[in-house]
Every structure is written in structure tokens, then in C-alpha cells.
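In what follows, a structure is listed as C-alpha cells, so that the remarks can point back to it.
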Amino acid sequence: MKNLIYYLDKPGGDFIPTEEAIEQPGPGEILLRTRRTSVCQSDVVIYKHGLPRIKSWPAIILHETSCEVIATGEGVRQFEVGDLVGLGCDIPCGKRGCIYCGDEGTGDWTSCPDTQATGHEFPGFARKYALLPKWFVDLGPIKKFPKGFNADQACQLEPLACCLEGMNRVNNCITDRVVVLIGAGSQSTYALQAAQAMGARKIIVVNRGEQRLNRVIRDFGNDKTIGLRWDEHVVENVFEACKPFNEPHFIMMNVPHQSGYELATKLVGYNTVVDAHAGIKGPDGKPPFMHELDLNNDVHYKLQCYQATHGSSMFGINMAHELISKKQLPLINKMTNDTEKFPHHQIKEAIHRAADSDSLKVIIDWD
């Protein structure tokens, strides 16, 4: 059987279509046919600049995916031919005895020194077929959707899971609370929909660009949603929008730039949880951003919480699967318009579209 794989030859380069043989699944393995891949902003960074975790080129990137099971190996009971599955990006190290990733592990994969990520250490899904090893099938972030489910929605399991990790790390920080989302990209749009589903009292979306902010508020806002331009008055305008409360209860920083961190810390008040959700990284690694914090008068006496989430564990994957499969995000299809849908032979064009300032969620169709 032949597999079609698009190798990215180098950062900023080309996706080279290549045919390679692929084996049938062995014991405990499953063979997948890619149905959809959606484009993450990490894919944009990898395409433009590369990433230290990708040690050699050419590479197979893309990690947000939904697939159909087309063959199962001996002993596989949890999946059968025809199943539609969604996969997460952060995956176990593959060692069954690992205290984080293994059969008796905690599931805190990002704490494992040998953790892997799809599209980094583990081959991504810029390929028509993928053979998953037994350890991935048994331990990895792979969830089955109901028969006939929408493959476009299923491929958004992973980015939604990343968002939900941040919104649920601290109990009761969303329900009946004031939520501020810095940035109006895909992660903030997932967070907006999730916050609505979780019963937030008010949701304030802050963004520099007017075009994408207007799209998000128009397509996903309701009477509890406020859109604010990120200008020289943004701090005072956010606090004004929080009234009758004095400050936000939850801030999710979804802007991969130092200015996003700086704005988030200016908005913190009493009982505020800050989720530094968008990290900044490039070909040279992760730059330091220093911030002075009074652990006693701020964190203790103001009950402030500073946290960061990146990637997802099975905790977030399970929550995202429930929200998507039970259709609790009824507007999710509006994340992708006709200009954000591409066939698989246009991966480079899809990534360029995802980099546009007005884009939300680009989807590549492998059918």
C-alpha cells in the first residue's frame, strides 16, 4: 500500500509530495486515513522559522487532525474500521513504565523529559495515512466520535483541548465570572465559545486589529460579550467594561508577543486568575520576559493566581471531546469560512492563509 506524504524540506521551503510504502497494522496497532488537518499558529511558526524540537529536515508537520480508522491489528478492541477519531498533539514518550506517560502514570506528559509532540518528534499528519503504534493506541490522546460526525469539527479537538486546560486548572474561575481574552485569534474564539457554554457572566475580547475583532464579535458574541480595541486606553476601558466588578476574574493571554504579557499583568486585581496561554518561541528558543511580583501583598493578600498552560493532556482532550461531540459549541463551524478551506495539495497556501490577520481556523481537506 502506498502512502502520500508531504515533506517540508526546510523552514520557509516547499512541501514535497512523496510516495512511500506503508505496512498493515501489527498487534495492537491501527491504520488511519487522514480526513482533515487544521492549521495551528505553531505550524505557521514552524513553517516560517523552524523549531528547536525538530532536529532534522525534511519534516512531516501538522498536528490538529481527524482521521478514519481503516484497519486494526490483532487485539485492538477500542477501535474498529470506520471509526472517526480526533487526536491530540502532546503524546506520551512511549515507555510503558514511565511515571508520567505509562500505564500507571499521572498523565502529566509535559513533565516527562522524553515527552513527544505530533509534528515535532512524532511525525505529523501532512500525510494521507498514519500507522499508530500500540503504545499510542493504548495511552495516547485519541478519541472516537459518533458515527456520521462532522470531520471538520473533530479535527479541532486538540486546539480546543489546549484552551480548556487553561480555563479549568483553577476551579470555578469561569462560571458567573468576568472573563477577559487578550487577542481575537482562534484560541480566544474557542475560549469565548467555551466560556459561554460554562456560564460566564461577561466576556471581554481585546484585539488590535478591528477586522478580526469585528468578525469574532459578530459571529460568536452575545449579549454578554464585549469587544474592545487594543489602543492606548485599553486598560481603563477593560476596567470600565468589568463594572459593577472592579477587575476581571479570569484573563487568558492569547497573543504570542511580549506586549500581551505586559497588558495581562496591568489588568490583574483581587481574585484574578491569569493564564499565560500564548508562549513565545522561535528558532533560537524562548526569550525571557521579566516581571516583578510581590508574593505577599499580591499573590497572598489579593488572592491572585498566575498560571500557564500550553499543549494538552487527556484532561483537556476529554473535556474538548465532550463539548464537541455533545454539540455544546453550536457556532464552531463559523471558525472556518470559504477562504479558509484548502485541498491537501495546497498546504503552503493554507499556512499562508492561517498567518493572515483576519483568519481564524484554516482546515485542509484530505477527502
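The values are calculated or read from the model by the stated rules, or taken from the named source; none is laboratory data. As the structure is a computational prediction, the values presented were derived from the model and not from experiment. As a convention, Cβ positions derive from the backbone with ideal geometry for all residues, glycine included, and neighbour counts pool all protein chains shown.
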Practice item. Could you check how many residues of segment 47-105 are touching a helix residue (DSSP H, G or I) at 6+ places or on another chain (Cβ under 7 Å), more than 30 Å from ASP284 (Cα to Cα) and in a strand (DSSP E or B)? Key: 3
Check your understanding: For residues in segment 92-106 being out of contact with any Cys (no Cβ under 8 Å at 6 or more places or on another chain) and surrounded by 15 or more Cβ atoms within 10 Å (Cβ to Cβ), which is nearest to LYS143 (Cα to Cα)?
Key -> GLY102
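The rows are residues; the columns are (1) within 17 Å of THR189 (Cβ to Cβ); (2) crowded, with 20+ Cβ neighbours inside 10 Å; (3) aliphatic (A, V, I, L, M).
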{"residue": "ASP294", "(1), (2), (3)": "no, no, no"}
{"residue": "HIS300", "(1), (2), (3)": "no, no, no"}
{"residue": "CYS305", "(1), (2), (3)": "no, no, no"}
{"residue": "ALA320", "(1), (2), (3)": "yes, yes, yes"}
{"residue": "SER325", "(1), (2), (3)": "no, no, no"}
{"residue": "LEU331", "(1), (2), (3)": "yes, no, yes"}
{"residue": "ALA355", "(1), (2), (3)": "yes, no, yes"}
{"residue": "LYS361", "(1), (2), (3)": "yes, yes, no"}
{"residue": "ILE364", "(1), (2), (3)": "no, yes, yes"}
Exercise for review: Determine if segment 116-138 includes at least one residue that is modelled with pLDDT under 95, touching a Pro at 6+ places or on another chain (Cβ under 8 Å) and crowded, with 17+ Cβ neighbours inside 10 Å.
Suggested key: yes
Study note, to complete from the structure: By residue number, the members of segment 204-220 that are surrounded by fewer than 18 Cβ atoms within 10 Å (Cβ to Cβ) and either touching an Asp or Glu at 6+ places or on another chain (Cβ under 9 Å) or part of a loop (DSSP other than H, G, I, E, B) (or both) are ARG208, GLY209, GLN211
Point to revise | strands (runs of 3 or more DSSP E) contained entirely in segment 255-367, each with at least 3 residues that are touching a residue at least 12 places away in the same chain (Cβ under 8 Å), over 28 Å from ALA130 (Cβ atoms) and within 21 Å of the chain's Cα centre (by Cα) | key: 273-276, 305-308
Practice item. Just name the residue that is surrounded by the most Cβ atoms within 10 Å (Cβ to Cβ) out of those in segment 1-29 that are within 24 Å of the chain's Cα centre (by Cα) and outside any loop (DSSP other than H, G, I, E, B). Key: LEU8
Exercise for review: Consider VAL137 carefully, then state whether it is part of a strand (DSSP E or B) and either among the acidic types (Asp, Glu) or in contact with a Phe, Trp or Tyr (Cβ under 9 Å, 6 or more places away or on another chain) (or both).
Suggested key: no
